[in-house]
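The next block holds one structure in the form of structure tokens; read it before the comments.
The values are calculated or read from the model by the stated rules, or taken from the named source; none is laboratory data. All of these numbers come straight from a predicted model, not from anything done at the bench. Neighbour counts are summed over all protein chains in view; Cβ atoms, including those assigned to glycine, are modelled from backbone coordinates with ideal geometry.
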Amino acid sequence: MLLDKIAELISERTGCGAGAVRMDSTFKDLNIDSLDRVDLLMDLEDYTGVQIELSEKVETVGDLIRIIEEKKKDAGKGEETENAN
Amino acid sequence: MQTEICRLLGIRYPVFQGGMAWIADGRLAAAVSEGGGLGIIAAGNAPASYVEEQIHFARKRTEKPFGLNVMLRSPFADEVADLAAREGVRVVTTGAGNPAAFMDRWRRAGCAVIPVVASVAMAKLMERAGAAAVIAEGCESGGHVGETTTMALVPQVCDAVRLPVIAAGGIADGRGFAAALMLGAQGIQMGTRFLCAGECTIHPVYREKILRATDRSTIVTGRRNGHPVRSLRTAFSRRYEEAEYRGASETELDVLGTGALRLAVQEGDLESGCFLSGQIAGLVKRVQPAAEIVEEVTREAEQCLKGTSRWVR
């Protein structure tokens with residue numbers, strides 16, 4: 001699901017086919033430079049509603065998806081704690 | 001000429017001098033600040049001890065505010081970031097990356113953080129991280145460049161953030177200054193024009209190259225490895241470009257580029273030095289004191305802005 005969205009955003013920005021965007025694709029392979037990465041993160045923040053930190057360690061699409069999933073989980077836990085209180 | 005950024009930083013004119021690595025030292029920064037603009041010391045790849053000397057040198061020359069440019073890819077970025085906070089430098093500008101990790105430290109120390117950005121998304125990210133303003137730098141500038149021109153970038157950044165925007169890239173006189181204000185900016189940053197300030201200590205060969213430059217004297221290399229850099233066309237840039245085209249390895253390109261900036265600035269070495277310059281170098285025709293440059297571009301901009309009404313009924 002998230003992979004489809006990322007593929008759509010990358011395809012829109014770079015002109016590569018959405019099929020070329022896989023979990024193990026590196027941003028370098030996809031010709032995503034540092035400014036494209038920031039654009040992508042801002043779009044994904046709007047889409048997912050979670051704030052994503054920019055890190056050089058995020059090298060592949062899979063890395064990015066893992067980070068977003070973890071953030072979503074953390075955000076969910078925060079809400080649960082708030083509700084319990 | 002006074003805009004919001006002047007009040008915010010306590011400067012007379014909204015004219016910043018770009019933080020050019022190996023070039024913008026305490027002497028140049030102090031001269032620009034004394035002239036009413038905002039001088040900026042460049043940390044480049046230097047250790048904190050060198051930067052500290054430059055800060056203290058500038059403080060001896062001026063009581064006016066000046067800034068420090070932190071190059072985030074520097075191996076000394078962390079210690080220079082600490083130094084900026086410890087010294088309570090009035091303004092910290094940043095280049096080559098995302099300064100989010102240092103923002104809190106600087107803001108707690110009372111530094112106004114003004115990152116250089118080359119895209120709307122980066123400007124928004126910096127606003128969220130607590131920047132006081134942003135410098136929107138178009139690809140006409142010298143050094144590391146993005147893809148978008150100043151003309152296209154500045155109004156889009158102005159629309160996207162609520163912060164004051166400083167325009168950079170392709171500005172060397174009052175016409176560019178006035179145009180930047182028309183695009184929504186509150187000030188300008190110039191690098192190339194200050195290369196020919198009397199207080200700028202670049203090698204005479206470098207200065208002469210700038211004075212003789214034309215509209216087509218620069219080239220961008222380094223696109224292949226994701227770090228595009230604009231510099232003057234020289235034997236060095238031709239060799240680098242050839243290496244890129246023939247598919248030289250990244251290691252080979254790194255070897256070519258290592259130390260090239262210092263060789264240009266300090267040795268004037270046309271064979272192996274990388275002479276960073278903006279596209280506007282062709283407008284720079286004489287050596288002047290930094291204060292005179294600040295005053296002149298401001299007066300020219302005022303004349304331009306007053307003159308525009310003649311086109312409108």
Log entry, pairs with first residue in segment B:89-102 being in contact (Cβ under 8 Å) with a residue 40 or more places away in the chain and under 18 Å from B:Ile41 (Cα atoms), second being part of a strand (DSSP E or B) and of a type in the set (S, T, N, Q), beta carbons closer than 8 Å, six or more apart or on different chains, reads B:Thr93/B:Asn69; B:Gly95/B:Asn69
Per the list (1) outside any helix (DSSP H, G or I); (2) more than 14 Å from chain A (Cβ to nearest Cβ), residue check on B:Ala179 breaks on (1)
Selection from segment B:107-130 of residues assigned to a helix (DSSP H, G or I) and either touching a residue at least 60 places away in the same chain (Cβ under 8 Å) or away from chain A (no Cβ under 13 Å) (or both) yields B:Arg107, B:Arg108
Expected single match for assigned to a helix (DSSP H, G or I), touching an Asp or Glu at 6+ places or on another chain (Cβ under 8 Å) and surrounded by fewer than 18 Cβ atoms within 10 Å (Cβ to Cβ) among B:Glu252, B:Glu300 is B:Glu300
Of the listed residues (B:Glu127, B:Glu137, B:Glu147), the one being crowded, with 21+ Cβ neighbours inside 10 Å and among the acidic types (Asp, Glu) is B:Glu137
Conditions (1) away from every other protein chain (no Cβ under 12 Å); (2) in a loop (DSSP other than H, G, I, E, B); (3) in contact with a Leu (Cβ under 9 Å, 6 or more places away or on another chain) -> A:Lys57 fails only (3)
- Can you find a residue in segment B:140-155 that is in contact (Cβ under 8 Å) with a residue 12 or more places away in the chain, within 13 Å of chain A (Cβ to nearest Cβ) and farther than 20 Å from B:His227 by Cβ? no
B:Leu256: passes all of (1) touching a Lys or Arg at 6+ places or on another chain (Cβ under 8 Å); (2) not assigned by TED's automatic domain parsing to the domain that holds B:Ser231 but (2)
Of the residues in segment A:11-53 that are of a type in the set (Val, Ile, Thr) and away from chain B (no Cβ under 14 Å), the one that is surrounded by the most Cβ atoms within 10 Å (Cβ to Cβ) is A:Val21
Taking segment B:156-176 and keeping only residues that are more than 14 Å from chain A (Cβ to nearest Cβ) and outside any loop (DSSP other than H, G, I, E, B), one is left with B:Cys158, B:Asp159, B:Val165, B:Ile166, B:Ala167, B:Ala168, B:Gly174, B:Arg175, B:Gly176
